[in-house]
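Report on the structure given below.
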Amino acid sequence: MEQKKRKEERRMGLERLPSSLLIEEVLLKLEIEALCSVSCVNKAMSFSVSQALPLLSSINLSAFSPDAQILNSIVGGCRGLHSLTLNCLHLDNLSLGVILGTHLQELNLLSCSLLSYQVFTSIGEACPNLRVLVLELVDQCSTEAFKTNLDQMLNGCLCLESFSLKIRGRDVGANAFQSIDFFLPSALKSMKLQSVLEQDVIRLMDKIRVGADRNSVQTAHVSIPVSPLSSVFTLQRLSLVLDAISDELIMAISGNLPALVELDLEDRPVKQPLPNHDLTNTGLQYLASFHHLMGLSLIRSRHNQQVSFKRVNDMGMFLLSEVCKCLESVRLCGFSKVSDAGYASILHSCLKLKKFEARNAFFLSDLAFLDVTEFQCSLVEVKLLSCSLITSETVKQLTRSRVLEVLDLCGCRSIADSCLGSISSLRSLSMLNLAGADITDYGLSVLAQGIPSITHLCLRHCERVTDEGISFLFHGGGTIHKTLSALDLGHMPRISDEAIFTIAMAGTEITELCLRHCSVTDVSLDCLAMRKTFRDECKLLRRLDLLKCIGLSVNSLRFLKRPSFPGLHWLGIGGTPLASKGYPTLSKIHNQRPWLTICLEGCEMGCYDGWQFHRAGYPQ
């Protein structure tokens, strides 16, 4: 009763404010979902919100998947918007009519599972002032439609400075980028394409070079101008996902885009490339042409194939470290022949290095990081993924850098309790990934007494951690229980309902919780549904992953109905009785809660990498 009385007093206080003050000093500073919630209080507040919405210059709706009706009610009247970000999982081409217009300068359309290639033309016709455009589409196996519509869009968006296009749901070899012969606005400074063929990129580089010299080039197929706005094409950031990375590709890019500041290349070959069509030490030498390069990412994804950069060894890394001493960010994956000496040369030579990532580095050990903090580089972000030789000694070396904010040790199975004391002294650390580490409850008790302001913690596959360790984490007396907002406890067989009760009661900042493959029951779901009742200061749970939690019964669906879990945006229940037996109830829940995405497909949290596989219809 006392809590309700205080809430009522706060609401009445807001309503007494002058309308202009309420809008400018309160409503315009709220997140969009909070703004919509306020509009439901009464008619007066609803009117004030309707006056505030057209004044917004930026709206981000990526956290949930609105349908056409919700989108129209929020964005329909916002003709002053400059920036808009949308999760388009439930939106088709017609739905976008209300948002497109000359007012938009930045447009991010994510998870576009229902949009056709016609959206390119619509954007080009309606948004001539766009400067930033991000699109994630599903492959529609219509190459001609893709080329025609994309070319019309790029011809209509001459001010475009940053363009990112991802086509999902298919292999690299059979993609819509069969011939990159579309128009490129000369204002373009950043371009990201996924997926694209290596030979097409090489041809594009040649056209850019000729276009910069002549302002236009005629080919046998099409006229390819580098827009008449400028005679010089100065791309600064290039990110590509390809079928193969080779010396020829690196030479073509370095020879035609000397102004690059960031180069991000990832390939996904279906088999090991031939010796004369692969990246070698020689290819890395070509990077010397980039005099301003600050960020470099070279990744060979393994997926289902055992492929790697077998023709690059330590000598290649020595050459790279000599010609690119100004690098601030380095990401390397798939260099199976590179040892400690190669990686150490980068760490010791690139004195401005802030971010370092190595993935699947079979010969990377503690020796590469020996005395690394005695050099001038101040590492802010370190990611060592699936590096089996890395132990706690490396972590102790890295923690001497007091500015470390991100430490990702996913798959480093030799990480143990002995380094958690060092980690606990890092005041600026915000993200820690210990997935697969050999830590115990004792290690978590040490971490819980420290000073890091960790917001994201992953303990997935830490099989020795029990309910007691989670209790230590939230009752250790340190900082982490006050700051932790995202927690991953997936694949931890010793986690039960007791740990979830601890989180529900003590994890007041938790907004994202992953429990996939855990031995939890309906009791856990009940606790999480009621956590706001237990402690009013608890933040709302936004995302909850329950994949393969087979201890849940179909009866627990009652906890997903209103008013439980207010604010929940995403729920993963694939492989549970809730998904296999509860479809009629799930449909009702979706109708009650259109802001909620229910994933039955097994995606990771948020469906960022799996939305293209979702079945049509509700629930998603």
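The values are calculated or read from the model by the stated rules, or taken from the named source; none is laboratory data. If you're wondering where the values come from, they're calculated on a predicted model, not measured in any experiment. Cβ coordinates were reconstructed from backbone atoms using ideal geometry, including for glycine residues, and neighbour counts include every protein chain displayed. In case anyone asks, the SASA skips ligands and DNA or RNA and just uses the protein heavy atoms, side chains included. Shrake-Rupley method; radii C 1.70, N 1.55, O 1.52, S 1.80 Å.
Overview of results
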quantity: Residue in the stretch 364-372 that is touching a Phe, Trp or Tyr at 6+ places or on another chain (Cβ under 8 Å) and part of a loop (DSSP other than H, G, I, E, B) present; calculated: yes
quantity: Residue list for the stretch 487-521, filter: under 18 Å from residue 441 (Cα atoms), in contact (Cβ under 8 Å) with a residue 40 or more places away in the chain and open to solvent by 10 Å² or more (accessible area, probe 1.4 Å); calculated: 488
quantity: Selected residue (criterion: farthest from residue 498 (Cα to Cα)) from residues of the stretch 522-553 that are surrounded by fewer than 17 Cβ atoms within 10 Å (Cβ to Cβ) and among the hydrophobic types (A, V, I, L, M, F, W, C); calculated: 540
quantity: Which listed residue is charged (D, E, K, R) and in a helix (DSSP H, G or I), from 383, 396; calculated: 396
quantity: Test result for residue 466, among the polar types (S, T, N, Q) and either within 24 Å of residue 570 (Cβ to Cβ) or modelled with pLDDT under 95 (or both); calculated: no
quantity: In the stretch 181-201, residue least open to solvent (accessible area, probe 1.4 Å) [restricted to those that are small (Gly, Ala, Ser) and more than 21 Å from residue 136 (Cβ to Cβ)]; calculated: 186
quantity: Matching option when the condition is among the polar types (S, T, N, Q) and either more than 19 Å from residue 567 (Cα to Cα) or modelled with pLDDT under 80 (or both), among 108, 60; calculated: 108
quantity: Among (1) open to solvent by less than 40 Å² (accessible area, probe 1.4 Å); (2) at pLDDT 95 or above; (3) of a type outside the set (Phe, Trp, Tyr), the one test that residue 389 misses; calculated: (1)
quantity: Filtered residues of the stretch 75-93 (kept if part of a helix (DSSP H, G or I) and surrounded by 20 or more Cβ atoms within 10 Å (Cβ to Cβ)); calculated: 75
quantity: Considering residues of the stretch 202-218 that are within 11 Å of residue 252 (Cβ to Cβ) and open to solvent by 50 Å² or more (accessible area, probe 1.4 Å) only, the residue modelled with the highest pLDDT; calculated: 203
quantity: Boolean, residue 96 is surrounded by 15 or more Cβ atoms within 10 Å (Cβ to Cβ), within 25 Å of the chain's Cα centre (by Cα) and not in a helix (DSSP H, G or I); calculated: no
quantity: Only listed residue being under 17 Å from residue 192 (Cα atoms), assigned to a strand (DSSP E or B), open to solvent by less than 10 Å² (accessible area, probe 1.4 Å) and out of contact with any Ser or Thr (no Cβ under 6 Å at 6 or more places or on another chain), chosen from 130, 137; calculated: 137
quantity: Some residue of the stretch 414-436 being of a type in the set (A, V, I, L, M, F, W, C), touching a helix residue (DSSP H, G or I) at 6+ places or on another chain (Cβ under 6 Å) and open to solvent by 20 Å² or more (accessible area, probe 1.4 Å); calculated: yes
quantity: Which numbered condition residue 588 misses (of (1) among the basic types (Lys, Arg); (2) assigned to a loop (DSSP other than H, G, I, E, B); (3) over 19 Å from residue 513 (Cβ atoms)); calculated: (2)
